[in-house]
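Here the structure is laid out as structure tokens; the discussion comes afterwards.
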Amino acid sequence: MNSQTEENYLKALFKLASQENEVSLSNLSKKLSVSTPTANSMIKRLHEKELVIYEKYKPIKLTQKGKVTAALIVRKHRLTEMFLVEKMGFGWEKVHAIAEQIEHIKSPIFFDKMDEILGYPNIDPHGSPIPNKEGQIENKINTETKLSNCKEGDIVEIIAVSESSLEFLKFLNSRKISLGLELKVIEIEKYDGTMKVLLIEKNNESREEILSKIVSQKLCIIKKK
């Protein structure tokens, strides 16, 4: 049985591997806000448990066993976030810290029941895919296309956020920006990439908003037109 710290390392590796071609020890230590020697010591322990492949000065890789173990931790986290939002009425900005604690519960039937109550969702409140009971991601949504890559005149739908920090989600709440919202890119400032967009509500009402490039880089979208 893995400790909570080991599980946090595996989850961090899983997420970094989905974002980067190669995961270095320095990137992992930054992700977890620990020193490189501390991260190195833990990676050696995970290597001994056959959860990661690690050679000095080479990228860190999850073994197949490590990938499944990490995916199931991520599954518990994302199911918990969805349950907190859908069944308990929490805002999407408040669920991450709670899920960080609950994800370490070892009982699979607890999370299977949660999954059943939710109706077997494919994504969490932030648009990230939820791995299944086997640790596989069935709903492979393309989250590589960001609003920042769009051109003037594009009409898109927001399908996920690449960052779920409290500060960022609070910012989106203050602008009434959420998943499923459609918008049209009206104008892009050539100097710094700032965008003027038209937000299209479900009742067909619309309003203009100015979004910085930092924000638009964190909004994952699909193009409608």
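The values are calculated or read from the model by the stated rules, or taken from the named source; none is laboratory data. What you see is a predicted model, and the numbers here were worked out from it, not measured in a lab. Cβ placement follows ideal geometry from the backbone for every residue including glycine, while neighbour counts extend to all protein chains displayed. Please note that ligands, DNA and RNA were not included when accessible areas were found on the heavy atoms of the full protein model with its side chains. Shrake-Rupley method; radii C 1.70, N 1.55, O 1.52, S 1.80 Å.
Descriptive notes on the structure:
- Chymotrypsin sites (Phe, Trp or Tyr not before Pro) within the stretch 22-85, DSSP loop, no more than 10 other Cβ atoms inside 10 Å: 57
- Lysines whose Cα lies under 16 Å from that of residue 202, excluding same-chain neighbours fewer than 8 positions away: 176, 184, 224
- Rounded to the nearest 10 degrees, the angle from helix 36-48 to the longest Cα principal axis of the chain is 60 degrees.
- Think of a 1.4 Å ball rolled over the protein heavy atoms: the chain then has 57 Å² of accessible area per residue.
- Cα pair distances in the stretch 63-140, grouped into 5 Å bins until the bin that holds the longest one, percent each: 3, 17, 29, 28, 16, 5, 1, 0
- Restraint check, 11/113; 11/146; 94/133; 31/133; 106/218; 44/76, Cα-Cα greater than 28 Å: 106/218
- Between the C-alpha center of the stretch 85-140 and that of the stretch 164-196 there is a gap of 25 Å.
- Karplus-based coupling profile of the stretch 51-64, in residue order and whole Hz: 9, 9, 9, 9, 10, 4, 6, 10, x, 8, 10, 6, 6, 4, with θ = phi - 60° in 6.51 cos²θ - 1.76 cosθ + 1.60 and x standing for Gly or Pro.
- Per-residue HN-Hα couplings for the stretch 191-198 [Karplus 6.51, -1.76, 1.60; θ = phi - 60°; Hz; x = Gly/Pro]: 5, 10, x, 4, 10, 9, 10, 9
- Net dipole in debye of the chain [+1 Lys, Arg Cβ; -1 Asp, Glu Cβ; about Cα centre; nearest 20]: 420
- Heavy-atom accessible surface of the chain: percent carbon and sulfur, 1.4 Å: 50
- Across the stretch 168-184, rounded Karplus estimates of 3J(HN,Hα) from the backbone phi angles (6.51 cos²θ - 1.76 cosθ + 1.60, θ = phi - 60°) give 5, 5, 5, 4, 4, 4, 5, 9, 6, 10, 9, 5, x, 6, 9, 8, 10 Hz, Gly and Pro being marked x.
- For the chain, built as a Gaussian network whose Cα springs stay under 10 Å, the top-fluctuating residue of 42, 114, 195: 42
- Placing unit charges on each Cβ (+1 for Lys and Arg, -1 for Asp and Glu) gives the chain a dipole about its Cα centre, and among 69, 98, 128 the Cα reaching farthest toward its positive end belongs to 69.
- Selection of chymotrypsin sites (Phe, Trp or Tyr not before Pro), the stretch 112-208, meeting DSSP coil and at most 16 other Cβ within 10 Å: 191
- Positive dipole terminus of the stretch 117-225, leading residue within 198, 137, 169 (C-beta point charges): 198
- Kirkwood hydrodynamic radius (C-alpha pairs) into Stokes-Einstein, the stretch 123-209, 4 °C and 1.567 mPa s, D in µm²/s: 90
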